[in-house]
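Enquirer: Please read through the structure below; I'll follow up with questions.
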Amino acid sequence: MFCRPILFLALSGAVALAQADAPPNSQPNPYRTVEHWYQLPAGRAMGSTSSVAVSRDGHIWVVDRCGANSCAGSDLAPILEFAPSGKLLRSMGAGMFVFPHSITFDPDGNFWITDGQGRDGKGHQVFKFSPQGKILMALGKAGVAGDGPDTFNQPNDVAIAPNGDLFISDGHSPGRGNARVMKFSPDGKFIKQWGGHGSGPGQFEVPHTLAFDSRGRLFVGDRANNRIQIFDQDGKFLAEWKQFSRPSGIYIDRNDVIYVTDSESTDKEGYGHHPGWKRGIRVGSARDGSVTAFIPDPSDGTAITSDAEGVAADADGNIYGAEVGPKDVKKYVKK
């Protein structure tokens with residue numbers, strides 16, 4: 001009487017494996033692109049943005065680089081809150097950042113922002129804000145790049161575990177600087193770290209993005225190694241996935257739908273070399289690793305970066321892609 005369930009599980013596993021091993025770029029695109037869905041004040045342009053998030057009230061939050069690709073010397077507010085209609089509700093954070101890199105919400109509605117560069121006594125920090133924009137915690141030393149337990153050197157992203165522990169990916173330069181994932185308690189006390197430069201299990205070259213699935217597994221976008229690595233919360237290596245291409249951004253929803261952006265793959269030799277893989281957004285399952293949809297980048301893939309780096313999805317399954325090169329945030333809805 002147990003034959004049918006076992007057979008079903010075996011077949012479903014085989015199907016998932018076949019999907020994960022499907023040819024690159026072969027999945028259908030069931031989405032259409034919506035451009036200019038948001039409104040900014042007259043004279044204010046969207047800058048480079050590598051992150052977008054959807055808060056629990058359905059608002060879309062973007063942290064841009066002050067209309068350019070850096071906030072150094074700017075008096076613009078880079079934290080932007082939009083209604084689903086695209087109406088700008090609030091902006092904040094003027095004068096706080098050098099190179100805002102990611103925005104992440106925790107279950108209490110607070111949000112975390114990484115500042116990925118340092119200059120003039122600012123940067124290389126991670127901030128926790130209340131929903132109203134009040135700073136609740138600051139990790140790292142302002143303007144100081146380091147590799148210790150209380151310093152960062154180009155922090156990239158924050159993920160919050162179900163118990164409130166913080167995981168921060170640190171290091172944005174292949175072959176130099178930091179290449180690690182750091183773990184902190186909910187009150188910001190350092191617990192442990194793992195990583196180091198390399199391509200072996202548990203090593204990184206630009207750990208660019210983090211996300212948890214429903215099982216509490218930590219997904220790390222190991223961008224310059226063209227792979228996702230999966231760990232438990234103690235840093236134990238569990239798996240390596242290459243079927244989502246070169247990951248710049250990862251978002252996993254409550255149903256374990258995984259959205260992964262590739263903004264850098266190119267057939268050209270040098271940085272981003274990943275022949276045969278096209279840039280775009282891949283959608284699939286965090287449970288079995290299958291890739292079910294692919295939104296291709298409309299560019300020719302020769303620029304250093306294009307299409308989405310950061311990614312998020314709302315409760316209706318609409319996708320938001322934050323773009324560094326094109327300086328935009330696009331929306332993708334089901335056709």
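Read the figures in this text as sums done on the coordinates, not as results from a lab. Everything numeric in this text was worked out from a predicted model, so none of it was measured. Virtual Cβ from ideal backbone geometry, glycine too; neighbours counted across all protein chains shown.
Enquirer: If you split all Cα-Cα distances of region 88-226 into 5 Å bins from zero, what percentages do you get per bin, shortest first?
Expert: Taking all Cα pairs of region 88-226, the binned fractions are 2, 11, 21, 24, 21, 13, 6, 2, 0 percent.
Enquirer: Hey, how much of the P(r) for region 145-253 falls beyond 19 Å, as a percent of Cα pairs?
Expert: Roughly 35 percent, rounded to a whole number.
Enquirer: Turning to a different aspect of this structure: Bin width 5 Å, origin at 0, all Cα-Cα pairs of region 53-150: what percent of pairs per bin?
Expert: Per 5 Å bin, starting at zero, the Cα-Cα P(r) for region 53-150 comes out as 3, 14, 24, 25, 18, 11, 4, 1, 0 percent.
Enquirer: Region 194-291: which trypsin sites (Lys or Arg not before Pro) are DSSP loop and have at most 10 other beta-carbon atoms within 10 angstrom?
Expert: Here the trypsin sites (Lys or Arg not before Pro) that fit, given the DSSP loop and packing criteria, are R254.
Enquirer: Roughly how big is the chain's charge dipole about its Cα centre, with Cβ charges of +1 (Lys, Arg) and -1 (Asp, Glu), in debye to the nearest 20?
Expert: Using only the charged Cβ atoms, the result is roughly 240 debye.
Enquirer: Which three numbers, in whole Å and largest first, are the semi-axes of the equivalent ellipsoid of the chain derived from its Cα gyration tensor as √(5λ)?
Expert: Three semi-axes, in Å: 29, 23, 20.
Enquirer: Going Cα to Cα from K236, which lysines come in below 18 Å? Please leave out same-chain ones fewer than 8 positions away.
Expert: Straight-line reach from K236, under 18 Å: K183, K192.
Enquirer: Also, quick follow-up: Calculate the translational D of region 178-335 in whole µm² s⁻¹ from Stokes-Einstein, where the hydrodynamic radius comes from the Kirkwood formula applied to all Cα pairs, the temperature is 25 °C and the viscosity 0.890 mPa s.
Expert: Numbers: Rh = 15.9 Å.
The estimated diffusion coefficient comes to 154 µm²/s.
Enquirer: Additional query: Mind telling me which of G43, G317, G284 comes out most flexible in a GNM of the chain, alpha-carbon contacts under 10 Å?
Expert: G43
Enquirer: How large is the helix-only mean residue ellipticity at 222 nm for the chain, computed as the sum of -39500 (n - 2.57) over DSSP H runs with n ≥ 4, divided by its residue count, in deg cm²/dmol to the nearest 500? Numbers along the way, then the final one.
Expert: Numbers: 1 runs with 18 residues, N = 335.
When only DSSP H runs of four or more count, the value is -2000 deg cm²/dmol.
Enquirer: Give the long-range amide H neighbours of K122: residues separated by 5 or more places, or on another chain, with amide H under 5 Å away, using H modelled in the peptide plane at 1.01 Å from N.
Expert: G143
Enquirer: Give me the dipole magnitude in Debye, nearest 20, for region 49-109 about the Cα centre, with unit charges on the beta carbon: positive for Lys and Arg, negative for Asp and Glu.
Expert: Numbers: 4 positive and 6 negative charges, 30 e Å.
In total the dipole reaches around 140 debye.
Enquirer: Can you return the lysines within cross-link range of K278? Criterion is Cα-Cα under 30 Å, with same-chain partners fewer than 8 residues away left out.
Expert: Partners found: K242, K268, K327, K330, K331, K334, K335.
Enquirer: Quote the charge dipole size of region 155-247 about the Cα centre in Debye, to the nearest 20; the model charges only the Cβ of Lys and Arg (+1) and of Asp and Glu (-1).
Expert: 180
Enquirer: Computed over the Cα atoms, what is the radius of gyration of region 236-293 divided by 2.2 N^0.38 Å, N being its residue count?
Expert: 1.18
Enquirer: At a Cα cut-off below 16 Å, give the lysines reachable from K141, other chains included and same-chain residues fewer than 8 away excluded.
Expert: By straight Cα distance, K141 reaches K122, K128, K189.
Enquirer: Here's something else I'd like to know. Of P30, N226, H172, which is farthest towards the positive pole of the chain's charge dipole, taken about the Cα centre with +1 and -1 on the beta-carbons of Lys, Arg and Asp, Glu respectively?
Expert: About the Cα centre, the residue reaching furthest to the positive side is P30.
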